[in-house]
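Enquirer: Dumping the structure here so I can ask a few things about it.
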Amino acid sequence: MLDQRLQPSTPYAALIFDCDGTLVDTAAANESAWRDALAGWQVELDPAWYRARTGLSGDRLLAELEVEFGVELDHRAVRAAALDAYQWLIHTVTPHRPVSAVAEAHRGRVPMAVASGGARQAVEETLRVTGLRPLFDAVVTRDDVRYGKPAPDVYLLAARLLDVAPYACVAYEDTDEGVAAALAAGMTVIDVRPAIHRPH
């Protein structure tokens, strides 16, 4: 039985899903990966500080970390270390069933895409490990656009790849930055947080 809070209102021509936190529960794996990566730079990641910033791109997260803690980090190297650490934790990632059920129910009915602020390698591997990759006609990541969320770029590119006008798309998101990105793209947005029982 599909959660009615997640049912798109007609008319719509395509569905576009964020990945981390929306389609899949990657919170613990991502936090552990960032903690391991930052330890190499003698930075201790505060869990509450990090959780208040889920949804930010890696670069924005690191920029805020530098300001907050007065450190200077090699963004590329830290991101690479976090991605490597995440690969060891990817087996712990599971689908958010209320949301993935929506995608499964719409398979073959409308075109669908993933629009993620994550790195392509991590997103593709996450979708593969969780068995969700075959549901989607396109996958767009932070690596494919100039600006990450809350800019609308990933959503606009996803709509273009699906050959659907942005206003005819329904986007699924779990962060304020993601919701802002989809709204800026002109899409209808469904915030999944109430359905996956997660505090904001």
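The values are calculated or read from the model by the stated rules, or taken from the named source; none is laboratory data. Source: prediction; values computed, not measured. Please note: Cβ atoms are built from the backbone with ideal geometry, for glycine as well, and neighbour counts cover all protein chains shown.
Enquirer: Has region 87-95 got any residue that is modelled with pLDDT of 95 or more and not hydroxyl-bearing (Ser, Thr, Tyr)?
Expert: yes
Enquirer: Would region 57-73 turn up any residue that is surrounded by 14 or more Cβ atoms within 10 Å (Cβ to Cβ), at pLDDT 95 or above and not acidic (Asp, Glu)?
Expert: Checked against the condition, which is being surrounded by 14 or more Cβ atoms within 10 Å (Cβ to Cβ), at pLDDT 95 or above and not acidic (Asp, Glu), region 57-73 yields no hits at all.
Enquirer: Condition first: surrounded by fewer than 20 Cβ atoms within 10 Å (Cβ to Cβ) and among the aromatic types (Phe, Trp, Tyr). Now tell me which residues in region 135-168 satisfy that.
Expert: Within region 135-168, TYR147, TYR167 meet the criteria.
Enquirer: Taking the condition in contact with a strand residue (DSSP E or B) (Cβ under 8 Å, 6 or more places away or on another chain), surrounded by 16 or more Cβ atoms within 10 Å (Cβ to Cβ) and part of a loop (DSSP other than H, G, I, E, B), does VAL110 pass? Before you say what the answer is, go through the steps one by one.
Expert: Values: in contact with a strand residue (DSSP E or B) (Cβ under 8 Å, 6 or more places away or on another chain): yes; surrounded by 16 or more Cβ atoms within 10 Å (Cβ to Cβ): yes; part of a loop (DSSP other than H, G, I, E, B): yes.
Answer is yes for this residue.
Enquirer: Taking the condition surrounded by 24 or more Cβ atoms within 10 Å (Cβ to Cβ), assigned to a helix (DSSP H, G or I) and either among the aliphatic types (A, V, I, L, M) or without any contact (Cβ under 8 Å) to a residue 24 or more places away in the chain (or both), does ALA171 pass?
Expert: no
Enquirer: While we're on this one: Quick check on my filter: what residues within region 1-49 are β-branched (Val, Ile, Thr) and under 26 Å from VAL189 (Cβ atoms)?
Expert: Answer for region 1-49, where residues must be β-branched (Val, Ile, Thr) and under 26 Å from VAL189 (Cβ atoms): THR10, ILE16, THR22, VAL24, THR26.
Enquirer: I'd like the residue in region 3-45 that is of a type in the set (S, T, N, Q) and surrounded by 13 or more Cβ atoms within 10 Å (Cβ to Cβ) and, out of all such residues, is farthest from the chain's Cα centre (by Cα).
Expert: It comes out as SER32.
Enquirer: Considering each of VAL129, VAL145 in turn, give the residue that is within 15 Å of THR26 (Cβ to Cβ), not small (Gly, Ala, Ser) and not assigned by TED's automatic domain parsing to the domain that holds SER32.
Expert: VAL129
Per-residue answers, yes or no, for (1) over 17 Å from HIS197 (Cα atoms); (2) assigned by TED's automatic domain parsing to the domain that holds ALA165; (3) part of a loop (DSSP other than H, G, I, E, B):
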{"site": "TYR12", "(1), (2), (3)": "yes, yes, yes"}
{"site": "LEU38", "(1), (2), (3)": "yes, no, no"}
{"site": "GLN42", "(1), (2), (3)": "yes, no, yes"}
{"site": "THR54", "(1), (2), (3)": "no, no, yes"}
{"site": "ARG60", "(1), (2), (3)": "yes, no, no"}
{"site": "GLU64", "(1), (2), (3)": "yes, no, no"}
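Enquirer: Let me ask another. Has region 178-200 got any residue that is assigned to a helix (DSSP H, G or I) and basic (Lys, Arg)?
Expert: no
Enquirer: Just to be sure, is TYR147 free of Cβ contacts under 8 Å to residues at least 60 places away in the same chain and not in a helix (DSSP H, G or I)?
Expert: yes
Enquirer: Specify the residue that is nearest to GLU173 (Cα to Cα); the eligible residues are those in region 94-107 that are touching a strand residue (DSSP E or B) at 6+ places or on another chain (Cβ under 8 Å) and in a helix (DSSP H, G or I).
Expert: The residue in question is VAL99.
Enquirer: Now for a different question. On the given criteria, is VAL139 closer than 12 Å to ALA14 by Cβ and either touching a Pro at 6+ places or on another chain (Cβ under 7 Å) or not in a helix (DSSP H, G or I) (or both)?
Expert: So VAL139 does not fit the description; no.
Enquirer: Now a separate question. Looking at region 150-164, which of its residues are closer than 18 Å to ARG120 by Cβ and outside any loop (DSSP other than H, G, I, E, B)?
Expert: Kept after step one, since they are closer than 18 Å to ARG120 by Cβ, are these residues of region 150-164: 151, 153-158, 160-162.
Matches in region 150-164: ASP153, VAL154, TYR155, LEU156, LEU157, ALA158, ARG160, LEU161, LEU162.
Enquirer: Would you call ALA33 small (Gly, Ala, Ser) and either farther than 23 Å from ALA77 by Cβ or at pLDDT 95 or above (or both)?
Expert: no
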